[in-house]
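Heads up: the structure comes next, in structure tokens.
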Amino acid sequence: MKTVKSILIKITILILCLIEAYPIFWMLTASFKQQHEWVSKPAYALNSSFHFQNYIDAWTRGHMSTYFFNSLVATLGALFFIVYFSVTVGFALTKMRWKMRKKVALFFDMGIMVPIATALIPLFQIYNRANLLNSRVGLILVYIAFGLSLSFFLVSSYMRSLPREILEAAVIDGCDIYRLMWHIVMPLMKNAVMTILVLQFFFKWNDLLFSMTFISSSNLKTVQTGLLYFETEFGAKNWGAIFASVSMSVMPLLFIYILLNRRVIEGLTSGAVKG
């Protein structure tokens, strides 16, 4: 009976994996199709050859190179400050003792409950008066603001599991607060930091709402905003180039997750285990 149950579970998992993987497989094969194949064959048919010109058209005529650069600048710039602030604030609020500590921690936790849509109009008005519309700096600032709360929550949960005896031993040996932070705590938090980097990279790279709200210049559009208006670059729908651009936007996320998924799982679960 256990053998039959185990086989059924494995078959179910296999079917679910195929269902999840098929859209990616179809997207990749569609990105290599020539234009006439979309007319002469069904949409689900496999490509007869590998037409790499679709990727060249998407990268040059479709301006995907510009969109990629803008997304990388905004995403990596925001990630640096998100990790820096979440780790330092998380350390100060979980391992140090000072007044108002619990109220400041509550303030950061409440940020998770703020609906993004309710903040768009006030933020747009503030950005308009501060001349931050259509600027990478403005987009990076809003990415940082809405990424800090979740990152702080993950960091603080992980830091609470760190044995306090390790930190006390380092202080007894003459380690000051800065060396304690960067030479003792940070190496112990590499899984948590990696989790924040991967999760926030996914969120910022896939962002459409903020980039559409605060960016209107074509030369500053991010990948997701560029994909939204991609078909107009060709006058007619070049489906091969469209799917090539979508594939290029998805591949970095898929590649990063395949490489770092184990560290992400360890970072998400390690904070739940008391050290």
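The values are calculated or read from the model by the stated rules, or taken from the named source; none is laboratory data. Everything quoted here is computed from the prediction, not taken from an experiment. In this analysis, Cβ positions are derived from the backbone assuming ideal geometry, glycine residues included, and neighbour counts consider all displayed protein chains.
Tabulated data
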item	result
Subset of region 235-275 (residues that are modelled with pLDDT under 70 and in a loop (DSSP other than H, G, I, E, B))	Gly235, Ala236, Gly271, Ala272, Val273, Lys274, Gly275
Answer residue from region 71-86, given it is of a type outside the set (S, T, N, Q) and surrounded by 19 or more Cβ atoms within 10 Å (Cβ to Cβ) and is nearest to Val193 (Cα to Cα) among those	Val83
Condition met for Thr232 (modelled with pLDDT under 80, loosely packed, with under 13 Cβ neighbours inside 10 Å and more than 23 Å from the chain's Cα centre (by Cα))	yes
Within region 185-226, tally of residues that are touching a residue at least 60 places away in the same chain (Cβ under 8 Å), of a type in the set (A, V, I, L, M, F, W, C) and part of a helix (DSSP H, G or I)	16
Among the residues listed as Val83, Val73, Val104, Val89, the single one being over 22 Å from Leu209 (Cβ atoms), among the hydrophobic types (A, V, I, L, M, F, W, C), at pLDDT 90 or above and in contact with a helix residue (DSSP H, G or I) (Cβ under 9 Å, 6 or more places away or on another chain)	Val83
Yes/no for Phe214 being hydrophobic (A, V, I, L, M, F, W, C), closer than 30 Å to Ala117 by Cβ, modelled with pLDDT of 90 or more and surrounded by fewer than 20 Cβ atoms within 10 Å (Cβ to Cβ)	no
Single residue of Val185, Val171, Val89, Val104 found to be surrounded by 11 or more Cβ atoms within 10 Å (Cβ to Cβ) and within 29 Å of Asn70 (Cβ to Cβ)	Val89
Filtered residues of region 116-160 (kept if basic (Lys, Arg) and assigned to a helix (DSSP H, G or I))	Arg129, Arg136
Unmet requirement for Gly62, which otherwise passes all of (1) of a type outside the set (Val, Ile, Thr); (2) more than 20 Å from the chain's Cα centre (by Cα); (3) in a helix (DSSP H, G or I)	(3)
Residues of region 161-184 satisfying the condition of being touching a residue at least 60 places away in the same chain (Cβ under 8 Å) and not in a helix (DSSP H, G or I)	Ser161, Leu162, Pro163
Selection from region 127-160 of residues that are among the β-branched types (Val, Ile, Thr) and loosely packed, with under 13 Cβ neighbours inside 10 Å	Val137
Matching residues in region 18-52 - criterion: being surrounded by fewer than 13 Cβ atoms within 10 Å (Cβ to Cβ) and under 14 Å from Ile242 (Cβ atoms)	Ala43
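Residue by residue, here is whether (1) farther than 30 Å from Met194 by Cβ; (2) in a helix (DSSP H, G or I); (3) out of contact with any helix residue (DSSP H, G or I) (no Cβ under 7 Å at 6 or more places or on another chain) holds:
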residue: Ile7; (1), (2), (3): yes, yes, yes
residue: Leu16; (1), (2), (3): no, yes, yes
residue: Glu20; (1), (2), (3): no, yes, yes
residue: Leu46; (1), (2), (3): yes, no, no
residue: Ile56; (1), (2), (3): yes, yes, yes
